[in-house]
1. Among the numbered criteria (1) in contact (Cβ under 8 Å) with a residue 40 or more places away in the chain; (2) assigned to a helix (DSSP H, G or I); (3) of a type in the set (Lys, Arg), which single criterion is violated by B:Lys149?
2. For the subset of region A:183-219 comprising residues that are touching a Leu at 6+ places or on another chain (Cβ under 7 Å) and away from chain B (no Cβ under 14 Å), which member is surrounded by the fewest Cβ atoms within 10 Å (Cβ to Cβ)?
3. Look at region A:264-304 and say how many of its residues are part of a loop (DSSP other than H, G, I, E, B), within 14 Å of chain B (Cβ to nearest Cβ) and more than 19 Å from the chain's Cα centre (by Cα).
4. Before we move on, is B:Arg137 more than 8 Å from every other protein chain (Cβ to nearest Cβ), without any contact (Cβ under 8 Å) to a residue 12 or more places away in the chain and over 17 Å from A:Ala285 (Cβ atoms)?
5. Of the residues B:Arg144, B:Arg163, B:Arg99, which single one is within 13 Å of chain A (Cβ to nearest Cβ) and modelled with pLDDT under 95?
6. Would you check if there is a residue in region A:143-157 being under 27 Å from A:Thr297 (Cβ atoms) and either within 14 Å of another protein chain (Cβ to nearest Cβ) or in a strand (DSSP E or B) (or both)?
7. Hey, can you tell me all the residues within region B:110-129 that are crowded, with 24+ Cβ neighbours inside 10 Å, in contact (Cβ under 8 Å) with a residue 60 or more places away in the chain and within 12 Å of chain A (Cβ to nearest Cβ)?
8. Out of (1) surrounded by 16 or more Cβ atoms within 10 Å (Cβ to Cβ); (2) in contact with a Gly (Cβ under 9 Å, 6 or more places away or on another chain); (3) within 21 Å of B:Ile145 (Cβ to Cβ), the odd one out for B:Leu67 is which?
Amino acid sequence: MIRTGICCLVLVGSMAASAFAAPLQVNPTGHKAAAADISVGANGDMAILWVDRSPNASAPGNHDRHIAATDVYVSIARAQDGAFGGAVKVNAAAGAVWGQQVSRPRIVATPNGTWHVSYAVNDLHPTHQKTALTTHYTRSTDGGRSFEVGRRLSSLTDQDMSGTIHGGFVSAAAFGTMAAAPDGSVHVLWIDTRHMQPDSDSGAMYAAVSRDDGQSFSVERNLVNTGVCPCCQLMAVTNDRSELLLGSRKVLPGSIRPATVMRLSSSSNTSAESVSIGGAPWQIAGCPLKPTAVAVTGDHVFAAVHNGGEEKPGVIFSVSKDNAAHFDFKGLVHPEATVSDAPSVASNGKTVLIAWHARANGPRHVFYRYYSLDGEPQGEIREILTGDNAAQSPVVATRSDGAYQIVWQQGDNIFTDTLAGQ
Amino acid sequence: MSAKFVIAAILLAFIAPLSWSATPAKAIQPPEFKQILNSYRGNVVIVNFWATWCAPCLKEIPDLLRLQQEKASEGVKLIGVAVDEPTENSAEVERFRSRYFPAFLTYARAGAEMDELAQVIDPTWNEVVPTTYLLDRQGRVVKRIQGKKTLEEFRSALETITRK
């Protein structure tokens, strides 16, 4: 692990210190890392996951490589000393992971300390001899020291959709998310193109659930048959009742693609209607690349996403106080920025932290701000100072001590730091 | 000149615009992208930001290629910019381009920042693909088009620029 002196945290507009320590580079030097995720276990251990797109990822074992050839790595910080351990490779076959910023592998922990990872893979369809993009899962039951051989959760369908989705994939099950609930269930969800029509840009949403800590998974289930933006990532979290809150984008007539949150029961996987988080309608027959970020505390659900429909496009923030039945639109989080995107949200039960990347003056940097549970800003917008180095794609998580942990990409490296819980 | 050669030349003239292979996708940095755009001054340029995983992008690329072909005599040029994660020698983008869109002249980003090439044209680009920019003969951005459009919509958008 490398302690870097490149970065430091300061306030924009005031000089109050907020960081506990200098940022740490998590990935080994010399590797090209991207698309980080972070999760905190019940015992306080933290896991940071990233995609390694180093050239040696294209080794044998990566069969019909299509457009990405990456590995997934994890580093664990024990609660006792907080020090991150060495990088552990998650996938067995080198370079088999279709991992990138727009289709991030995910990591979560169940209460007994098992780490669960989901990721998309370039599988070779045995009949069509073409690439099928599938969702895989693996777990570590030894505290992140090793991972089981990955298992495919999405089925290989019979049809060849490569002519419809134009990407050579006979089918695609990617852009997914994962969540672990307090009841121990593990939910893996993905966007699926198996029902996509040639003249449509509408995908489906599928899920598989494990109720035995990842030892086995249910057969995949079609949660939403149509109307899901096919290349907009999903984002799921769970509340203390083990319900899932799922952020996604709908496809409505006229190519309006609102960011929505859907509540699903963990026990039955029955779902409520997806609810728009508000903001101006965005007409876009395309791929907004970042997911609808969601966090939850009690009945409060917080959602943030880039909305290109606003008069000045940028990250918007909305709050629900009734478990995602309705959302109050709070507006842009960084109206002064030239452009802002890629929000991540976390809540420690007392405050809400939103982090995002934006261009204000100069290179793209990571910014963050605290909010009350009612969605009111607390303090100024703060910036993770990286000088002339661009920084992007932050992800935040609540630590067991109530502080927040943030991870971001800076060039080809992944950094992390601790932010006060306020 | 033999009759066979003449027939072959005539056939080639018809087939080539549909099937000719453009230069392999090259990974570039912003300064090179600026130079490339400058070299097209005097042309109307369609700059299309796309990605290999973006279904709406892939659906409109054939229309953009057809539009370029239609408007070639009016000096219309099409340039693609793939925003996929960079790989060594842009191998993944090139593998895809050569297989599915061999006539598509496209570049790929070389750096870690997805928006670094778009910044050359548009400081407010919000990382949405497809995004298509229409540049006039002086190299100025005249129009930003986001989301998949039809051939007719692209024709219409281009109309006002090519007439100038």
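1. (2)
2. A:Phe217
3. Within region A:264-304, the subset part of a loop (DSSP other than H, G, I, E, B) is A:265-270, A:272-274, A:277-282, A:284-286, A:289-292, A:298-299.
Okay, now just the ones that are also within 14 Å of chain B (Cβ to nearest Cβ), so A:279-282, A:284-286, A:289-291.
Cutting the leftovers down to more than 19 Å from the chain's Cα centre (by Cα) gives us A:279-282, A:284-286.
Here the count works out to 7.
4. no
5. Values: B:Arg144 fails: modelled with pLDDT under 95; B:Arg163 fails: within 13 Å of chain A (Cβ to nearest Cβ).
Sole residue among the options that is within 13 Å of chain A (Cβ to nearest Cβ) and modelled with pLDDT under 95: B:Arg99.
6. no
7. Result: B:Ala118, B:Trp125, B:Val129.
8. It is condition (2) that B:Leu67 fails.
The values are calculated or read from the model by the stated rules, or taken from the named source; none is laboratory data. The structure displayed is predicted, hence computed values, not measured ones. Reconstructed Cβ throughout: ideal geometry from the backbone, glycine too, with neighbour counts over all protein chains shown.
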